[in-house]
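All remarks here apply to the structure that follows.
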Amino acid sequence: MLKHYIDNNQIVFVTFHKNFKYDDFIEGIKTILDKETGNLVNIVRNGILKDLSKLAYSELQKRDSNYKLNFDKTKNKIFKMSIGTKSLEKDDLTLSYCFEKNYIALDLLSNIDYSIIENTEDWDKAREELSRFYQYEENVDEDKKRLEIQSIYFFKNYMKSDDIVLVSNDNEKIIGIAKVNGWYEFKDVVGIRFNHFRKVDWLVKSCSIPVELFYKRKFSSHNIYELDKSIFNFENLYDFINGKNYKKLCSNY
């Protein structure tokens, strides 16, 4: 019984020591090296108690009480996507806008409307077409360019309705779970630095769910990529979304 609650991140152990501070228990600011820019940035990092509290407070989108998540493992896909950041210097309104308006968003080649890209699932064809937009970009690392092209392809062409997206802003916690229900849109929204959107239904939002609850591998820093279904814990996802274990996971604190 104890192992069950530990595995579901409902019980954690801490040692109260003079070096264990408020920052470790509730919330603190930590300075880290931004790998993309090489600059030092300040990020807000949750402490143990705040992580437990946010998991307990995870907000399910309002829906019929008999709602059941239906996912076809043979047809539907699961993606990890980054939206927003914990960096205080980079904070903006994009994530709040997405939660409020039911969107996911991508911030790559912001001034180009992806609608001009052919809607093909052929990766080689899409890669060749997207590469043309980078010919005017100076000093772009080839590996970085390849990953960005792949992200745009996933977001615009490869992601389909009924696919599931796990959203993170620090690659350690899942802050939202969405089900895709619309095509690509180019939008210019005042105060929002992202221009590329897909309509979704938020199944869970404004939460802090440990990645390991659903996935047996750490998230990478890529903007968006498809998760390996062979190491994905579908039982935990179904129980969480369908409410079977939601109270166990979110209301025992």
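The values are calculated or read from the model by the stated rules, or taken from the named source; none is laboratory data. These figures come from a predicted structure and were not determined experimentally. Heads up, the Cβs are rebuilt from the backbone with ideal geometry, glycines too, and the neighbour counts pull from every protein chain shown.
Summary table
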item	result
Unique residue being at pLDDT below 75, more than 28 Å from residue 33 (Cβ to Cβ) and aromatic (Phe, Trp, Tyr) when the list is 114, 103, 136	136
Members of the range 191-217 found to be modelled with pLDDT of 90 or more, among the basic types (Lys, Arg) and under 17 Å from residue 173 (Cα atoms), listed by number	216, 217
Any chance residue 153 is surrounded by fewer than 20 Cβ atoms within 10 Å (Cβ to Cβ), farther than 13 Å from residue 83 by Cα and not polar (S, T, N, Q)	no
Flag if residue 33 is farther than 27 Å from residue 237 by Cα and either modelled with pLDDT of 80 or more or acidic (Asp, Glu) (or both)	no
Members of the range 186-244 that are surrounded by 15 or more Cβ atoms within 10 Å (Cβ to Cβ) and of a type in the set (A, V, I, L, M)	189, 192, 200, 203, 204, 209, 211, 213, 224, 227, 237, 241
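Every residue, every condition in (1) of a type outside the set (Val, Ile, Thr); (2) assigned to a helix (DSSP H, G or I); (3) free of Cβ contacts under 8 Å to residues at least 40 places away in the same chain, yes or no:
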residue	(1), (2), (3)
194	yes, no, no
199	yes, no, no
202	yes, no, no
207	yes, no, no
218	yes, no, no
235	yes, yes, yes
238	yes, yes, no
241	no, yes, no
